[in-house]
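Novice: My questions all concern the structure below.
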Amino acid sequence: MCGIVGYLGEKNPKTVIIDGLKKLEYRGYDSAGVAIIHNGKTKRIRAQGKLKALEEKVLNEDFNGHVGIGHTRWATHGAPNERNAHPHQVGEVSLVHNGIIENYLEIKAELIKEGAVISSDTDSELVAHLIWKELQKNQNLLLSVQIVLKKIIGAFSIVALWEKSPNELVAFKDGPPLIVGLSKDTEKSEFFVVSDVQAALVHTNRFVYLNDREVVHIKDKAVNYYNADGATLKKEITVLNWTADMVEKMGYRHFMLKELYEQPRSVAAAIAPYIDTDTHAVKFNDQGKSFNSETIFKSIERVIFVACGTSFYASMIGKYLIEQICRVPVDTDIASEFRYRRPVIPKNSLVISVSQSGETADTLAAVRLAKEQGAQVLSITNVAQSSIDREADAHMYMNSGVEIGVASTKAFTSTLALLNVLALQISKARGSLSPVSEKEYVQNLLTIPSQIEVVLAYDKYFSEAAKELQKYKGFLYLGRGVNYPIALEGALKLKELAYMHAEGYAAGEMKHGPLALIDESMAIVVVAPSDELLDKTVSNLQEAKARGGKIISIGTGENKALKDMSEYYLSLPGSLWTTNPIIAVVPLQLMAYHLADSLGYDVDQPRNLAKSVTVE
Ligand code: F6R
């Protein structure tokens, strides 16, 4: 979603803000802007399109102030053009905003009645009007913001600047993330207010995460935090161990490619805290404060997953794993459905949220709903201290390092590895996992990083095949059992990166409709490992092939039957059914990457998409 960078300090705000915005580029946006104090006045520069356009516009501009705000916009209200770009300025106030103001129509009508001149189509500008209105009366930025905060409804984070007070920033959050960065050198005072720590990681690793309805006031060399009623808050400083080089491409053409190649390492890092490599046993490594997983897992009667997109597909695999290994019933819900369908959450349910960013608005709302109804929430996330992580009772971390590519890759495979661990933990806690099975599962899991290495060798294969694959008008992805969600994930990757039509289906569903789509221009991508469902999948493929469909298959080892019927056949190393999806998804990620790249699309920032969806 929108990216925010605010800065107050001795460095050149233009450089800090533009460099910070560059680090947020991956989140996707359609316009950008800065407002920085110069000679006691606000100098505001905005541009439509990529950040490069803004960079060119500010290149020869001087700013002699020490405070400024910057923004990359992902349009929600109003077209993506310069007039709607942030910062918005009204009188002496400028602000940047991420999120939505739900009561904007009411506010707009009131402002127009009072004679305000509205110069954009955004809801954000209205907040600047409200603050300016108060400021003229009380000459106090903090107070004005606190008053306005009570009048606006929605999900938002905002940073405001007042040109008359050039050593001051006020920010508040009620929804999308907002984080305050404090100088690394505790003797010095410089401050960052960012929507994502990556924007300030080159300068500091000391951060304070704002909770909803909290205000931060930075003035001169002091920083103070308040709740919405104005009471002072004491906030904890989190020192992150992420470094700036984690957000570089490190020689790869794209972040996505780098992240694809990091998967052996990230999967190993995800499972490491939970595996005893000497005894090949799973460990309970509780990172929640009041959550004893062994006790909770023993007594749960139901598991409910909530997640969106790729994280939802990972959850679907979690259902197969937990139901089959632990015999505990599992529901999977798309978070945006869950939150509005008045779900029944039976007593002794464990709600598991899966979210790479830990900020997805619908997943966060689902977690809150589950907690309100008394459920314990276990969050699986990549970003420690993200909103979802902070609200959950217990925590598992993907440990993937920063994921920049909009299309999730390494977070997905790390989640699948964690779900394997979780299924084993639940089964062990309930006494249903024999030591022999535990050892077999764990040993298998430990081989996965090196098996991914083997599969990554398909990179060259796909880069060569990409041009040829462009000729198909559509792609049908098929899988059965635990590989059905992998078919869904493969199709999603192709859609979002290569903008080609792709559908994921359970292979057994072909006769119930999708077979009608098959002709010579349709490619059928099938995940068909050598398991007990293989013969059934092969007969589904025969039906598709007889109707002209071209088959791209992913099987285990040398599978002659599958190979003979396929245009392309990829052989995966043998693995247990529990871990096969982790290696099977890698060729599908590579295929989507190379197809998109060969078509000349921006792989890291697909059109219309944002990395972290912090609004509904
Ligand atoms: C697709 C993709 C998205 C995310 C979804 C949820 O490649 O990345 O579908 O999986 O937006 O995001 P998180 O996991 O951050 O909650």
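Novice: Given the conditions (1) within 16 Å of the ligand (Cβ to nearest atom); (2) closer than 18 Å to Asn580 by Cβ; (3) not β-branched (Val, Ile, Thr), report the number of the one that Ser437 does not fulfil.
Specialist: Failed condition: (1).
Novice: How many residues, within the range 52-75, are open to solvent by less than 30 Å² (accessible area, probe 1.4 Å) and of a type in the set (S, T, N, Q)?
Specialist: Qualifying residue count for the region: 1.
Novice: Something else: Find the residue count for the range 595-616, including only residues that are closer than 30 Å to Gly154 by Cβ and in contact with a Lys or Arg (Cβ under 8 Å, 6 or more places away or on another chain).
Specialist: Counting residues in the range 595-616 that are closer than 30 Å to Gly154 by Cβ and in contact with a Lys or Arg (Cβ under 8 Å, 6 or more places away or on another chain) gives 3.
Novice: Same structure, new question: Between a residue in the range 123-135 that is assigned by TED's automatic domain parsing to the domain that holds Val93 and part of a helix (DSSP H, G or I) and any residue that is basic (Lys, Arg) and surrounded by fewer than 24 Cβ atoms within 10 Å (Cβ to Cβ), which pairs come within a Cβ distance under 8 Å, given they are 6 or more apart or on different chains?
Specialist: These pairs meet every condition: Leu126/Lys108; Leu130/Lys151.
Novice: Could you figure out which of (1) under 26 Å from His38 (Cα atoms); (2) open to solvent by 40 Å² or more (accessible area, probe 1.4 Å) isn't true of Lys151?
Specialist: Every listed condition holds for Lys151 apart from (1).
Novice: Given the structure, is Glu92 open to solvent by 10 Å² or more (accessible area, probe 1.4 Å) and in contact with a Lys or Arg (Cβ under 6 Å, 6 or more places away or on another chain)?
Specialist: Yes; evaluated as a whole, the condition is true for this residue.
Novice: Still on this model: Among the candidates Ser450, Ser437, Ser432, single out the residue that is over 20 Å from the mean Cα position of the chain (by Cα), without any contact (Cβ under 8 Å) to a residue 12 or more places away in the chain and open to solvent by 10 Å² or more (accessible area, probe 1.4 Å).
Specialist: Ser437
Novice: Could you go through the range 466-475 and let me know if any residue there is buried (at least 21 other Cβ atoms within 10 Å of the Cβ) and without any contact (Cβ under 8 Å) to a residue 60 or more places away in the chain.
Specialist: Yes, some residue in the range 466-475 is buried (at least 21 other Cβ atoms within 10 Å of the Cβ) and without any contact (Cβ under 8 Å) to a residue 60 or more places away in the chain.
Novice: When the residues of the range 263-284 are filtered to those that are among the polar types (S, T, N, Q) and outside any helix (DSSP H, G or I), which remaining residue is farthest from the chain's Cα centre (by Cα)?
Specialist: Here the answer is Thr279.
Novice: Of the residues in the range 305-339, how many are over 16 Å from Thr415 (Cα atoms), touching a Pro at 6+ places or on another chain (Cβ under 8 Å) and within 16 Å of the ligand (Cβ to nearest atom)?
Specialist: Matching residues across the range 305-339 total 1.
Novice: Still on this structure, please answer the following. Out of curiosity, is Lys249 touching a Lys or Arg at 6+ places or on another chain (Cβ under 9 Å), more than 23 Å from Asn399 (Cα to Cα) and either open to solvent by 20 Å² or more (accessible area, probe 1.4 Å) or not in a strand (DSSP E or B) (or both)?
Specialist: Considered against the rule, which asks whether it is touching a Lys or Arg at 6+ places or on another chain (Cβ under 9 Å), more than 23 Å from Asn399 (Cα to Cα) and either open to solvent by 20 Å² or more (accessible area, probe 1.4 Å) or not in a strand (DSSP E or B) (or both), Lys249 comes out as no.
Novice: Pick out the one residue from Gly40, Gly49 that is at positive phi and open to solvent by 30 Å² or more (accessible area, probe 1.4 Å).
Specialist: Numbers: Gly49 fails: open to solvent by 30 Å² or more (accessible area, probe 1.4 Å).
Going through Gly40, Gly49 in turn, just one is at positive phi and open to solvent by 30 Å² or more (accessible area, probe 1.4 Å): Gly40.
Novice: Please indicate, with yes or no, whether at least one residue in the range 99-111 is closer than 19 Å to Val170 by Cα and either β-branched (Val, Ile, Thr) or surrounded by fewer than 19 Cβ atoms within 10 Å (Cβ to Cβ) (or both).
Specialist: yes
Novice: Further question on the same structure: If you check Arg368, Arg342, which single one turns out to be of a type outside the set (A, V, I, L, M, F, W, C), more than 16 Å from the ligand (Cβ to nearest atom), free of Cβ contacts under 8 Å to residues at least 60 places away in the same chain and surrounded by fewer than 18 Cβ atoms within 10 Å (Cβ to Cβ)?
Specialist: Just one listed residue meets the conditions, Arg342.
Here is a yes/no grid of residues against (1) surrounded by 14 or more Cβ atoms within 10 Å (Cβ to Cβ); (2) among the aromatic types (Phe, Trp, Tyr):
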site	(1), (2)
Tyr261	yes, yes
Ala270	yes, no
Asp286	yes, no
Ile317	yes, no
Glu323	yes, no
Arg327	no, no
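Novice: Answer yes or no as to whether Thr238 is open to solvent by 20 Å² or more (accessible area, probe 1.4 Å), polar (S, T, N, Q) and more than 26 Å from the chain's Cα centre (by Cα).
Specialist: No: the conditions fail for Thr238.
Novice: Based on what the data block shows, is Leu424 within 16 Å of the ligand (Cβ to nearest atom) and closer than 16 Å to Phe297 by Cβ?
Specialist: Spelling it out, it is not the case that Leu424 is within 16 Å of the ligand (Cβ to nearest atom) and closer than 16 Å to Phe297 by Cβ.
Novice: Quick check on Tyr274: is it over 23 Å from Asp212 (Cβ atoms), away from the ligand (no atom under 15 Å from the Cβ) and out of contact with any His (no Cβ under 7 Å at 6 or more places or on another chain)?
Specialist: Against the criterion (over 23 Å from Asp212 (Cβ atoms), away from the ligand (no atom under 15 Å from the Cβ) and out of contact with any His (no Cβ under 7 Å at 6 or more places or on another chain)), Tyr274 qualifies.
Per-residue answers, yes or no, for (1) open to solvent by less than 20 Å² (accessible area, probe 1.4 Å); (2) in a helix (DSSP H, G or I); (3) at positive phi:
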residue	(1), (2), (3)
Ile147	no, yes, no
Phe156	yes, no, no
Ala160	yes, no, no
Pro166	no, no, no
Leu169	yes, no, no
Pro176	yes, no, no
Val180	yes, no, no
Asp185	no, no, no
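The values are calculated or read from the model by the stated rules, or taken from the named source; none is laboratory data. Source: prediction; values computed, not measured. FYI the Cβ positions are ideal-geometry reconstructions off the backbone, even for glycines, and counts take in every protein chain you see. Surface areas here come from the heavy atoms of the whole protein model, side chains and all, with no ligands, DNA or RNA. Shrake-Rupley method; radii C 1.70, N 1.55, O 1.52, S 1.80 Å.
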